[in-house]
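Step one of this worksheet: look at the structure below.
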């Protein structure tokens, strides 16, 4: 190829490359955020508002719920689609207990608000509870009324050890995984923004590493 022609081709390639749009960083994967900072209850709201200060406390980076009064701790910010991870455990000296993770929680604050519950009752983690007629569809063979039992036998760890919940709620689809095992799913969940809440339901329970990746 003559030198002049080669220069023309190289110049055209250079112009083409210079015209390409820069990467769209706005479409990069959302980063996980710590819903619980390990220090205090910043960005959370206690319900009922007159609950004693000892209902929800922070000790050594762990969120501790005394279990009374009945109510919940909810985010101040509302979320629609997300991946949520957290760890929980019950104190063996206090015995098995009950709690849950509420999603797309709606006004008004009450016991219990319209929402989807990912169950945390000992032996039943992975169950789904439909609260206040939240629109959704679950496996009919495992559903009785508002309750949808998990698909597999309980795979929770012994009392005192940390368990891991991986919750994926994206548009109309919900998936619950306990300690790496998918235990339940739901479809046709109403797509609406709402709070995320942790229940105070009569039992001492501890939480840590509460992280969320908001999704479009």
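Between region 180-216 and region 57-81, what is the C-alpha centre distance in whole Å?
12
For P(r) over Cα pairs in 10 Å bins from 0, in percent, which listed value, [x] 8, 31, 32, 11, 4, 5, 5, 3, 1; [y] 10, 36, 36, 16, 3, 0; [z] 7, 25, 25, 18, 10, 7, 6, 1, 0, comes from the coordinates shown?
[x]
Hey, what number do you get for the chain at 222 nm if only DSSP H runs of n ≥ 4 count, each worth -39500 (n - 2.57), divided across all residues, to the nearest 500? Don't jump to the answer; show the numbers that get you there.
Numbers: 1 runs with 17 residues, N = 216.
Mean residue ellipticity at 222 nm (helix-derived): -2500 deg cm²/dmol.
Quick check on region 47-169: take the gyration tensor over C-alpha atoms, sort the square-rooted eigenvalues as a ≥ b ≥ c, and tell me if it's rounded (a/c under 1.5), prolate or oblate. If you can, show how the numbers build up before the last one.
Working: a/c = 1.68, a/b = 1.13, b/c = 1.48.
In terms of gyration-tensor shape, oblate.
Using Cβ contacts closer than 10 Å as the measure, can you line up 154, 115, 93 from fewest to most?
Numbers: 154 15, 115 24, 93 8.
Ordered by Cβ neighbours within 10 Å, fewest first: 93, 154, 115.
Could you compute the FRET efficiency for residue 170 and residue 107, with r as their C-beta to C-beta distance and R0 at 25 Å, rounded to 0.05? Please report the intermediate quantities before stating the final value.
On the way: r = 23 Å, r/R0 = 0.92.
Here the calculated transfer efficiency is 0.60.
Label residue 49 and residue 157 with points 7 Å out from Cα along Cα→Cβ: what is the distance between them in nm?
Going by the 7 Å Cα→Cβ label model, 3.9 nm.
For region 86-112 and region 133-170, what is the separation of their C-alpha centers, rounded to whole Å?
Centre-to-centre distance over Cα atoms comes out at 13 Å.
Let me know the volume per residue of the alpha-carbon convex hull for region 67-130, in Å³. Walk me through the intermediate numbers first.
Values: hull volume 6.6 nm³, N = 64.
Spelled out: Cα convex hull of region 67-130, divided by residues, is 104 Å³.
So what is the relative contact order for region 80-210, in percent, with contacts set as C-alpha pairs under 8 Å and at least six apart? Write down the numbers at each step before the final one.
Details: 317 pairs, mean separation 48.2, N = 131.
Here the relative contact order equals 37 percent.
On a full-extension model of 0.36 nm per residue, what is the gain between residue 147 and residue 57, subtracting their alpha-carbon distance, rounded to one decimal in nm? Provide the component values of the computation, followed by the final result.
On the way: separation 90, 0.36 × 90 = 32.40 nm, distance 3.01 nm.
That works out to 29.4 nm of additional length.
No value in this document is a laboratory result; all are computed from the given coordinates. Predicted model, so just to flag it, every value in this text is computed and none were measured. Please note: Cβ atoms are built from the backbone with ideal geometry, for glycine as well, and neighbour counts cover all protein chains shown.
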